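Worksheet: the structure to be examined is printed underneath.
The values are calculated or read from the model by the stated rules, or taken from the named source; none is laboratory data. Source: prediction; values computed, not measured. When we count neighbours, we look across all protein chains shown, and the Cβ atoms used for this are built from the backbone with ideal geometry, even at glycine. Surface accessibility is based on the protein's heavy atoms, side chains included, excluding ligands, DNA and RNA. Shrake-Rupley method; radii C 1.70, N 1.55, O 1.52, S 1.80 Å.
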Amino acid sequence: MPADDRPAPAAIELIGLRAGYGRIEVLHGVDLSVAAGSVFALLGANGAGKTTTLGVLAGRIPPTAGCVHIAGVHMNDAAPHVLARSGVCTIPEGRAVFPNLTVTENLALFGLRRWRRDRDAEGRAYAQFPALATRRGQLAGTLSGGEQQMLAMARALAVEPSVLLLDELSMGLGPQIVDDLYAAVRRLTETGITVLLVEQFAKTALAFADGAAIMRSGVIHAAGRPDEIAAALSDAYLGTVA
Ligand code: ATP
């Protein structure tokens, strides 16, 4: 087969992944495949193992068994900075912007080394999130929750990731700003970025995602197209479907 006809490897592939905290195993064999350039939603009840899965992908939690592949490359024992250099970028729950630095300083700090070569990174961030451009001198801690989430996303973009891991994008935000943020997520995939997001609010995530999976007790309970996953969900199961 000519090389060009080969299907592109999945952006993220987990095979039989096991991991946990000390002697407590939390992931009991997670199988997951996320297509390159897609938005994929990882759903499930509290404690199902979603954040732990992101932690393994970010290199913070070492797997005890199974495989982690990023764009077809085996990354099981990669340190966080190695994964970051290979294009995996995390926006943790709570956004983690520096509250006492301005918008501009937050952007500069994250992308500093690249910015020496790429002076237009700040301009690109403001093009993606125009609301931030008018607040560039404002301390990040005084931004609204939605603006802080935009800043966290803009800051992540400064390092030009290939895979963005987003934990609880909509946490504590109103429906309109959540819609705006998801629209921004969608625009990211148009630049080739793959987005894996963990979300409590299944309905919101399914409206925007290309694919989704439901996690339950440390394994993938169901995976498929958003409409298939919507059918598999029940309010009683997730409790937080909105
Ligand atoms: P939530 O939606 O509530 O954030 P989640 O699906 O992201 O839940 P995880 O945060 O991955 O779930 O947690 C999975 C399990 O691992 C839970 O039982 C949790 O108590 C446990 N756990 C998480 N972090 C730690 C830790 N640092 N040490 C020990 N156990 C942990």
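Counting only residues that are on the phi < 0 side of the Ramachandran plot, within 12 Å of the ligand (Cβ to nearest atom) and open to solvent by 10 Å² or more (accessible area, probe 1.4 Å), how many does the stretch 35-49 have? Qualifying residue count for the region: 2. Scan the stretch 73-101 for residues that are within 16 Å of the ligand (Cβ to nearest atom), assigned to a loop (DSSP other than H, G, I, E, B) and not acidic (D, E) and the total you get is 4. Taking the stretch 56-81 as the range and being open to solvent by less than 60 Å² (accessible area, probe 1.4 Å) and of a type in the set (V, I, T) as the test, the residues that pass are V56, I61, V68, I70. When residues in the stretch 8-34 are screened for being more than 13 Å from the ligand (Cβ to nearest atom) and either open to solvent by less than 60 Å² (accessible area, probe 1.4 Å) or hydroxyl-bearing (S, T, Y) (or both), 9 of them pass. In summary, strands (runs of 3 or more DSSP E) completely within the stretch 151-216 and bearing 1 or more residues that are open to solvent by 40 Å² or more (accessible area, probe 1.4 Å) occur at 211-216. Comparison of G49, G22, G29 shows that the only residue that is within 17 Å of M215 (Cα to Cα) and over 17 Å from the mean Cα position of the chain (by Cα) is G29.
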